[in-house]
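K.L.:
For reference, the structure I am asking about is given below.
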């Protein structure tokens, strides 16, 4: 039986992404999460597009399973009546768009570019998730006034998303840069 030899790059990237995803289990302000950073980090460094999508999505989905079925279901039983397989489709659509943004905008990573792309990712996620809220939440009329109300209601959460994306991008990209200095052959490049 042959053993599958995984490149060091892929192991480090995947490990950092899943560690960041686990931070969602710690107490945090609403929307101050690593989601945008995970999407951008995978997009920036996985050479194979399938991994740039698959690994961050797996981290998101697995952490959602734990949050929805073990943490939130116990804390808010009135809102849960069975096993929850996934979060809002709008969250996954926004996450998908952020990965696409990262694939196109982070072909090279500099601090200035990363900051600009991180801010853009926060905005893309905000637009996608609040549009999804408008579509499915009956409290919002299905007209421009309702769409505007959905976006206005999301503004207070946007600032935490923006700060979370900046913070976790700093942690993920910075950690990888430090690890790249310690591990021979691990360059700050796509894996």
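No lab work stands behind these numbers, since they all come straight from the coordinates. Quick caveat: nothing in here was measured; it's all calculated off a predicted structure. Methodologically, a virtual Cβ is constructed for each residue, glycine included, from the backbone with ideal geometry; neighbour enumeration extends over all protein chains shown.
K.L.:
Counting alpha carbon pairs within less than 8 Å and at least 6 residues apart, what relative contact order, in whole percent, applies to the chain? Kindly include the intermediate steps, with their values, before the conclusion.
P.N.:
On the way: 230 pairs, mean separation 60.1, N = 191.
Relative contact order, the chain: 31 percent.
K.L.:
Same structure again: To the nearest 10 degrees, how steeply does helix 49-66 sit against the main Cα axis of the chain, on a 0 to 90 scale?
P.N.:
Taking the Cα atoms of the chain, the angle to 49-66 is about 50 degrees.
K.L.:
Per the Cauchy relation, a quarter of the hull surface: what is the mean projected area of the convex hull of the alpha carbons in region 69-116, in nm²?
P.N.:
Averaging across all directions leaves 5.1 nm² for the Cα convex hull.
K.L.:
Given a cut-off of under 8 Å on Cα pairs at least six residues apart, what relative contact order in percent is computed for region 38-88?
P.N.:
That works out to 28 percent.
K.L.:
Then there is this: Taking 0.36 nm per residue of separation and subtracting the Cα-Cα distance, what length does fully extending residue 157 through residue 48 add? Show your work: numbers first, answer last.
P.N.:
Working: separation 109, 0.36 × 109 = 39.24 nm, distance 3.27 nm.
Gain on stretching residue 157 to residue 48: 36.0 nm.
K.L.:
Viscosity 0.890 mPa s, temperature 25 °C: give me the Stokes-Einstein translational D for region 29-131 in µm²/s, with Rh taken as the Kirkwood radius over C-alpha pairs.
P.N.:
Taking Rh from Cα pairs, D becomes 170 µm²/s.
K.L.:
Moving on to the next point. Ranked from highest to lowest mean number of other Cβ atoms within 10 Å per residue, what is the order of the peptides 172-179, 33-40?
P.N.:
My ranking of the peptides, most packed first, is 33-40, 172-179.
K.L.:
Treat region 84-146 as a sphere of radius equal to its Kirkwood radius over Cα pairs and apply Stokes-Einstein at 25 °C in a medium of 0.890 mPa s; give the translational diffusion coefficient in µm²/s, rounded to a whole number.
P.N.:
On the way: Rh = 13.0 Å.
For these conditions, the coefficient is 189 µm²/s.
K.L.:
Another one. Averaged over every viewing direction, what's the projected area of the C-alpha convex hull for the chain? Give it in nm², one decimal, please.
P.N.:
Across all orientations, the chain yields a mean hull projection of 13.0 nm².
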